[in-house]
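Q: Sharing a structure below in structure tokens format, with a few things to ask.
None of the figures in this text is laboratory data; all of them are computed from the coordinates on show. Because the structure is predicted, anything quoted here is derived from the model rather than measured. Cβ atoms come from the backbone with ideal geometry, glycine included; neighbour counts cover every protein chain shown.
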Amino acid sequence: MAAGRAVERLRELGFDGRLVLFTDEARLPHERPPLSKQYLRGKLAESRLLVRPAAFYAENAVEVRTSTRVAGISPSAHKLTLADGERLRYDRLLLALGSEPVRPNIPGADLPGVATLRTVEDADRIRHRLRPGASVLVLGAGFLGSEVAATAREMGCEVHLVEAGGVPLAVLGPTLATWAADRHREHGVKLLTATTVTRFEGALEVEAAVLDDGTVIPCQLVVAAVGARPRVQLAQSAGLRVRDGVLVDGACRTSAPEILAAGDIARYPSPRGTMRSEHWDNAQLQGRHAAEAMLGPVQHFSALPYVWTELYGSTVQQLGAWAPALPGLVRGDPASGRFTALQLDGGRLLACVAVNQYPALKWARQVMESGTLLDPEKLDREGPRVWSEPSLGPSTLRLD
Ligand SMILES: Cc1cc2nc3c(=O)[nH]c(=O)nc-3n(C[C@H](O)[C@H](O)[C@H](O)COP(=O)(O)OP(=O)(O)OC[C@H]3O[C@@H](n4cnc5c(N)ncnc54)[C@H](O)[C@@H]3O)c2cc1C
């Protein structure tokens, strides 16, 4: 995603030099969000995943070298080495290597049928096993695990969703987490919290998962969604500064001259320390920002963190970042399927989590970008003018 957006932006800005995009995948830059949603359900053709159609790269003289792994970088020589030994010189290099799923480090995790989800091939393998009536266990109830559990359920599978913490989607705050847990249960997902799998069992492929209290759950498919790691090995061996991500400045520049990084692998400065985002919006904005920085001076990257997810036909969006230590305010009734949770710090809007409420997100963006200070007492009165919708029930304002 970040690399796809970067080449697009470079040509938009009039860069007319040689432009080469390397990817070790067999396909052109593509979207990953549908891989746990519409594509996994079989409702979206593979061609619809592309960031840009093949013709775009030909028309814009972008050389795309698919199935080509970059094996080494020499920052001092401005050269990179491909897996087949070919060496190429660069003037500017953007690293947009993404992240890779963490595999659970427990016995049986390498059995066939224990999957992780990152690529189109992963999604195809998982979909093949999502037959009506199949027993599926999803490990981890973050964004990916929650989406896969919902998709598997919608496809008629029997689903166990196992989460080590107390709630699913904890990063979105307690009201959303409770709402998500209710939705999973209402749709027939067996949500098991505060527990984990200690081993998988099976003769030729996975047949069961054993929980920490000894419970045995029969399953024909396991999807492990227990986090991802930034792909930093290349940067590390090139001697770039790395700390849970490749460290960059506000212009996406790494510690080596002429090498930039963007997307899931980049750890960048923010008002609350350095941060790394493993989300779609960040990848595309940072890819474009890095492209601009390759050609000249830029402002510091300062996009508001934004993420969305989909659960059982509802759209959940978050702007900003939920701070677990602070209370939240809730507008609307979660049971109605439309509500907004807000978090304020001294009148400053820190986070807005909205379920099926696009106007709320728009309002929150304006407030955050303008730095407007809010009065929690007045929010209940001012809110409806800002994001009321005909189907929104009586407003409620309460501490989360
Ligand atoms: C199943 C799934 C669902 C998601 N859903 C959402 C969602 O609903 N909302 C949201 O906000 N975000 C979502 N995301 C996250 C979002 O897709 C990622 O944040 C985004 O793809 C990151 O873009 P990127 O360019 O950093 O990395 P990627 O898109 O992963 O691209 C990195 C590319 O670099 C290649 N590469 C790595 N190493 C090398 C090498 N040495 N040589 C050559 N090529 C290499 C990789 O193979 C890959 O093609 C989802 C992710 C997944 C996996």
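Q: Can you list the residues, at least 5 places off or on another chain, whose amide H is less than 5 Å from the amide H of G328, using H built in the peptide plane?
A: So G328 has HN proximity to D400.
Q: For A83 and Q233 in the same chain, what is the full-extension length gain: residue separation times 0.36 nm, less their Cα-Cα distance, in nm?
A: On the way: separation 150, 0.36 × 150 = 54.00 nm, distance 1.41 nm.
Working it through step by step, the gained length comes to 52.6 nm.
Q: Give, rounded to the nearest 20 debye, the magnitude of the charge dipole that the chain has about its Cα centre when Lys and Arg contribute +1 at Cβ and Asp and Glu contribute -1 at Cβ.
A: Values: 46 positive and 45 negative charges, 120 e Å.
It works out to roughly 580 debye.
Q: Sort segment 222-261 into rounded, prolate or oblate with this rule: let a ≥ b ≥ c be the square roots of the eigenvalues of the Cα gyration tensor; rounded if a/c is under 1.5, and if a/c is not under 1.5, prolate when a/b is larger than b/c, oblate otherwise. Don't jump to the answer; show the numbers that get you there.
A: Working: a/c = 3.51, a/b = 2.21, b/c = 1.58.
Since a/c reaches 1.5 and a/b is larger than b/c, the shape of segment 222-261 is classed as prolate.
Q: Still on this structure: How much net charge surrounds V20 when only other residues with a Cβ under 9 Å from its Cβ are counted (Lys, Arg +1; Asp, Glu -1)? Please report the intermediate quantities before stating the final value.
A: On the way: positive: R18, R65; negative: E63.
Local net charge: +1.
Q: Using just the alpha carbons, could you tell me how many Å³ per residue the convex hull of the chain encloses? Mind dumping the intermediate values first?
A: Numbers: hull volume 63.4 nm³, N = 400.
For the chain, the hull spanned by Cα atoms encloses 159 Å³ per residue.
Q: Shifting gears a bit: For V51, what residues show an amide H to amide H distance below 5 Å, using hydrogens built from the backbone and excluding near sequence neighbours?
A: H30, E31
Q: Taking only C-alpha pairs under 8 Å that are 6+ residues apart, what is the relative contact order of the chain in percent?
A: On the way: 845 pairs, mean separation 59.8, N = 400.
Relative contact order, the chain: 15 percent.
Q: Please give the charge dipole size of segment 1-91, origin at the Cα centre, charges +1 on K and R Cβ atoms and -1 on D and E Cβ atoms. Round to the nearest 20 debye. Mind dumping the intermediate values first?
A: Values: 16 positive and 12 negative charges, 72 e Å.
Using only the charged Cβ atoms, the result is roughly 340 debye.
Q: Another question, if that's okay. Take the residue pairs K43/K190; K43/K362; K37/K190; K37/K362 and return only those whose Cα atoms are more than 31 Å apart. Don't skip to the answer; put the middle values down first.
A: Working: K43/K190 25 Å; K43/K362 29 Å; K37/K190 19 Å; K37/K362 24 Å.
With Cα atoms farther than 31 Å apart: none of K43/K190; K43/K362; K37/K190; K37/K362.
Q: Report the antiparallel proportion of the DSSP beta bridges in segment 103-224 as a percent, rounded to a multiple of 5.
A: Working: 7 of 22 bridges.
Among the beta bridges of segment 103-224, antiparallel pairing accounts for roughly 30 percent.
Q: While we're here: Could you point to the residue in L172, L50, M155 farthest towards the positive end of the chain's charge dipole, with +1 and -1 charges on the Cβ of Lys/Arg and Asp/Glu respectively?
A: Value: L50.
Q: Let me ask something else. Assuming a ≥ b ≥ c are the square roots of the Cα gyration tensor eigenvalues, decide whether segment 44-143 counts as rounded (a/c under 1.5), prolate (otherwise, with a/b larger than b/c) or oblate. Don't skip to the end; give the middle numbers.
A: Details: a/c = 3.03, a/b = 1.67, b/c = 1.82.
In terms of gyration-tensor shape, oblate.
Q: Follow-up question, since we're still on this one. Once you place label points 7 Å from the Cα toward the Cβ at D212 and T315, how far apart are they in nm?
A: For the pair D212/T315, the computed spacing is 3.7 nm.
Q: Next question. Quick one: of the DSSP bridges fully inside the chain, what percent are antiparallel, nearest 5?
A: Values: 47 of 71 bridges.
Close to 65 percent.
Q: Long-range amide H contacts for V114: which residues qualify at under 5 Å (H placed 1.01 Å from N, peptide plane, sequence gap of 5 or more or a different chain)?
A: Residues meeting the amide H criterion: V206, V222.
Q: Using θ = phi - 60° and the Karplus relation 6.51 cos²θ - 1.76 cosθ + 1.60, list the HN-Hα couplings for segment 18-29 in order, rounded to whole Hz, with x at every Gly or Pro.
A: So the J values, rounded to whole Hz, are 6, 9, 10, 10, 9, 9, 7, 7, 7, 10, 5, x.
Q: Can I ask one more? How far is it, in nm, from the label point at E369 to the one at R103 when both lie 7 Å from their Cα along the line to the Cβ?
A: 4.4 nm
Q: Something else now. What's the ranking of 293-306, 128-141, 276-289 by average number of surrounding C-beta atoms within 10 Å, highest first?
A: 276-289, 128-141, 293-306
Q: Taking the highest mean first, how do the peptides 261-272, 343-354 order by number of other beta carbon atoms within 10 angstrom per residue? Please list the in-between numbers first.
A: Details: 261-272: 22.5, 343-354: 19.0.
Output ranking for 261-272, 343-354: 261-272, 343-354.
Q: Roughly how many whole Å is it from the C-alpha centroid of segment 254-323 to that of segment 21-61?
A: Distance between centres, Cα-based: 20 Å.
Q: Okay, next question. What does the net charge come to around P257 if you take all other residues with beta carbon closer than 15 Å to its beta carbon, with K and R at +1 and D and E at -1?
A: Details: positive: K79, R89, R92, R241, R253; negative: D91, D249, E258.
Taking every Cβ under 15 Å from that of P257, the sum is +2.
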